[in-house]
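*Asks:* After the structure tokens below, expect a handful of questions from me.
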Amino acid sequence: MKQSLRRILPVCLVLAIGVIAMSAFAGDEPKKDESAKRSDIYDRHADGEKQIADALVEAKRDHKRVLLQFGANWCGWCHKLHNLCKADKDIAHELLYEYIVVAIDVDKVDGEPHNAKVVRKYDNPTKHGLPVLVILDEDGKHLHTQDTGKLEEGDHHDPAKVLEVLRKWKASPPTADDELAAGLAKAKAEHKAVFVDFSAPWCGWCHRLDAYLRRPEIAKVFDSAFVSVKVDVDRFKGGKELNARYGGDKAGLPFFVFVDSDGKKIGDSIASPGGNVGFPVKEEEVAHFIAMVRKASPTLTDAQVKVLSDGLKTKEPAAED
């Protein structure tokens, strides 16, 4: 009997090992690395300093905060927060309306921490773990660092806690008339006309117009002739009323108007026929925009106007509404 057991036990051991091995390929297999299925949030090659500088230009024009999210693509909690910000309607709205969001990669590149200089600049926020949030005002002043561990509830971030932070640190919107008055004063001092751009955060074509005006070659020409004033009709106090005073209340967005330094209208985005050209794309829309540019600033050279015109004819991604 003992001899039989000695023969049977090795066989059982082999069978047990086989079952364990088979389970690795069957229903009991360990879950694969879920990060392999995720889309990247963070740009592994982006220069964080440039990302922030670009965001501050946009924030200054929009009078918003800049929200830096430090993290890495391997970080599960980074993906959870990112997904929550997209899925929760209240959080997504708050971010769209009040923040310029910048994802700063802090993973290692060739053995060295990525964007280490940026991390040091903001008092090493990654000491709190990942993701960690840093909020800046439109001038780049560091207002707040948020340890997102304090926003967690079990295996997820609590939407109410996230929303509370966003609402607490958002900027107070300016008054549209004050923005225009400052633009007019600047234009008078610099002997320029004023380009007033009426927009809203949800408007994809408004973002296209913004991106066009921020392009270096466009900004160089446009800013030499005009003082730009952006009026967010949803956020700025009196924005809808100012839009209506210039005849844009029924035109759709973006609506723009060129005025002299006294606020008198020179021309606007309403083409006849055709209506509001918004962000000019079609040939006749571009022609109307360029005609308004020439009318508002006759001293621009043909070469400068060509830069503006050619820039509008460059193909860009479709607007997101």
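Values in this text are rule-based calculations from the coordinates and carry no lab data. Please read these numbers as outputs of a predicted model, since none were measured by experiment. Here the Cβ positions follow ideal geometry from the backbone for every residue, glycine too, while neighbour counts run over all protein chains shown.
*Asks:* Mind running the shape call on region 192-240? Use the C-alpha gyration tensor, a ≥ b ≥ c as the square roots of the eigenvalues: rounded below 1.5 for a/c, prolate if a/b tops b/c, oblate otherwise. Kindly include the intermediate steps, with their values, before the conclusion.
*Replies:* Working: a/c = 3.76, a/b = 1.47, b/c = 2.55.
Oblate.
*Asks:* How long are the three semi-axes of the equivalent ellipsoid for the chain, computed from the Cα gyration tensor as the root of 5 times each eigenvalue, in whole Å, largest first? Show your work: numbers first, answer last.
*Replies:* Numbers: eigenvalues 593, 95, 69 Å².
Output for the chain: semi-axes of 54, 22, 19 Å.
*Asks:* Using the structure shown, select from K108/K141; K60/K265; K192/K265; K220/K240; K60/K264 the pairs with a Cα to Cα distance greater than 23 angstrom.
*Replies:* Numbers: K108/K141 27 Å; K60/K265 25 Å; K192/K265 13 Å; K220/K240 30 Å; K60/K264 25 Å.
Over 23 Å apart, Cα to Cα: K108/K141; K60/K265; K220/K240; K60/K264.
*Asks:* With the Cα gyration tensor of region 48-169 giving a ≥ b ≥ c as the square roots of its eigenvalues, does the rule (a/c under 1.5 for rounded; else a/b larger than b/c for prolate; else oblate) give rounded, prolate or oblate? Can you show the working numbers first?
*Replies:* Values: a/c = 1.72, a/b = 1.05, b/c = 1.63.
In terms of gyration-tensor shape, oblate.
*Asks:* First select every other residue whose beta carbon is under 15 angstrom from the beta carbon of R235; then total the charges, Lys and Arg +1, Asp and Glu -1.
*Replies:* So the environment of R235 carries a net charge of -4.
*Asks:* List the GluC sites (Glu not before Pro) within region 117-203 that fall in a DSSP loop (any state other than H, G, I, E or B) and whose Cβ has at most 12 other Cβ atoms within 10 Å. Write down the numbers at each step before the final one.
*Replies:* Values: sites: E138, E152, E153, E164, E179, E190; in loops: E138.
When the GluC sites (Glu not before Pro) of region 117-203 are filtered for loop state and at most 12 Cβ neighbours within 10 Å, nothing remains.
*Asks:* Here is a further query. Can you tell me the Rg and Dmax of region 176-313, counting just the alpha carbons, in angstroms?
*Replies:* 13.7, 39
*Asks:* Once you list every other residue whose beta carbon is under 10 Å from the beta carbon of G267, what net charge do they have if Lys and Arg are +1 and Asp and Glu are -1? Provide the component values of the computation, followed by the final result.
*Replies:* On the way: positive: K265, R294, K295; negative: D268.
Charge balance near G267 sits at +2.
*Asks:* Still on this model: Among the lysines, select those whose C-alpha is under 23 Å from the C-alpha of K161, and discard any that sit fewer than 8 residues away in the same chain.
*Replies:* K161 reaches K64, K80, K86, K89, K127, K150, K170.
*Asks:* Determine, for V277, V231, the number of other Cβ atoms within 10 Å of each Cβ, and report the residues in order from fewest to most.
*Replies:* Details: V277 23, V231 27.
The order, fewest Cβ neighbours first, is V277, V231.
*Asks:* I'd like the trypsin sites (Lys or Arg not before Pro) in region 88-175 restricted to DSSP loop residues with at most 16 other Cβ atoms within 10 Å, sorted by number.
*Replies:* Details: sites: K89, K108, K117, R120, K121, K127, K141, K150, K161, R167, K168, K170; in loops: K141, K170.
Counting only loop positions with at most 16 other Cβ atoms within 10 Å, the trypsin sites (Lys or Arg not before Pro) in region 88-175 are K141.
*Asks:* Taking the mean number of other Cβ atoms within 10 Å as a proxy for protection, how do you rank 93-99, 253-259, 212-218 from highest to lowest? It would help to have the intermediate numbers written out before the result.
*Replies:* On the way: 93-99: 18.3, 253-259: 24.4, 212-218: 14.3.
Going from most to least packed, we get 253-259, 93-99, 212-218.
*Asks:* In nm, to one decimal, how far is the K220 label point from the D123 one, both placed 7 Å along Cα→Cβ?
*Replies:* About 4.0 nm separates the two model spin labels.
*Asks:* Still on this model: Please arrange D260, D310 by counting, for each residue, the other beta carbons lying within 10 Å of its beta carbon, fewest first.
*Replies:* On the way: D260 15, D310 12.
The fewest-first ordering by Cβ neighbours comes to D310, D260.
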